[in-house]
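> Here it is, the structure in full.
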Amino acid sequence: MTKKPIVFSLVHEQSIFMTAIMALLTFLAVVAFGIALAIGTGVLRWNSQWDLTATVQIMDSKNTDAVKKIIDDNTEKIKTVTEITTEQMHDLLRPWMSGGGTALENYLPKMYELEFNSSDDLKYVEQQIGNNARFLTHAAALHSSVSAGWKMIFISSFVLLLTLGAIGVCISYIARNTALLHRRELEILNQIGATDTYVARQMQIIIAKICTMAGAAGFAVAAPVLLLIIGAAHSARVGLMAMLGISGWGWFVLLMLPIAIVIFAIWVTKRTTINILKNN
């Protein structure tokens, strides 16, 4: 039985379809990966900002002097001490204290905001204050925000994996479809002694050219979209969203993603082509 090698050229319609679909998939992959990098950067910035900061809440006024003494005795371990005044707490709680809510002020705790020099200093002071007041690190208080950030990173990574899977399926389909459409050309290649490796290499060259063009187009569109997303997040000015960003190395990794997709496409093309040739 005569083996049917695969064709190593694409008709015009196939080239247009392949370029368009690869550009779209590259766009989705870059956006998904970029969002994951931006949120990851935000989470790291968020943690580094709050890891050494804590709030001390003195619920019992009898312990105020004891807590104040502990803070004064550990000034070398504390970078900054900020006393939150009753007026500041009143401004924060204004929506709940309006209309005769001034009596609530009598139950407001005495509060300090402390920034430490190191995590060891934080833990030491926490042990000292623990019996007299409530010691709440900002990192622990904002754990839900960080957890939401990691969930968004997971979702973006999952979308990236789905996109890469779609790229593999698309290339495999194009290779199989091309083999069925050009059987006569394949017979000629077989008669002149073309090897499976030669035919696969020709297909790889064509796919590489298409994916390179599509990758450049997809990245060119995805980069401004990512900048718009980060700009919109920064406009919030508060919370984890305001911390989002992509560093110089992050943009370099993003730029490498279309190149990695081209290499992945070349590998899938070779594997699919060799399998089709062996099965025929």
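Each reported figure results from applying straightforward, stated rules to the coordinates on display, with no laboratory input. All values derive from a computational prediction rather than experimental measurement.
> Between Asp73 and Ile16, what length in nm is gained on full extension when 0.36 nm per residue of separation is reduced by their alpha carbon distance?
Difference between extended and current length: 13.2 nm.
> Just list whichever of Lys79/Lys123; Lys209/Lys270; Lys209/Lys278; Lys62/Lys110; Lys79/Lys110 have alpha carbons separated by over 18 Å in the model shown.
Lys209/Lys278; Lys79/Lys110
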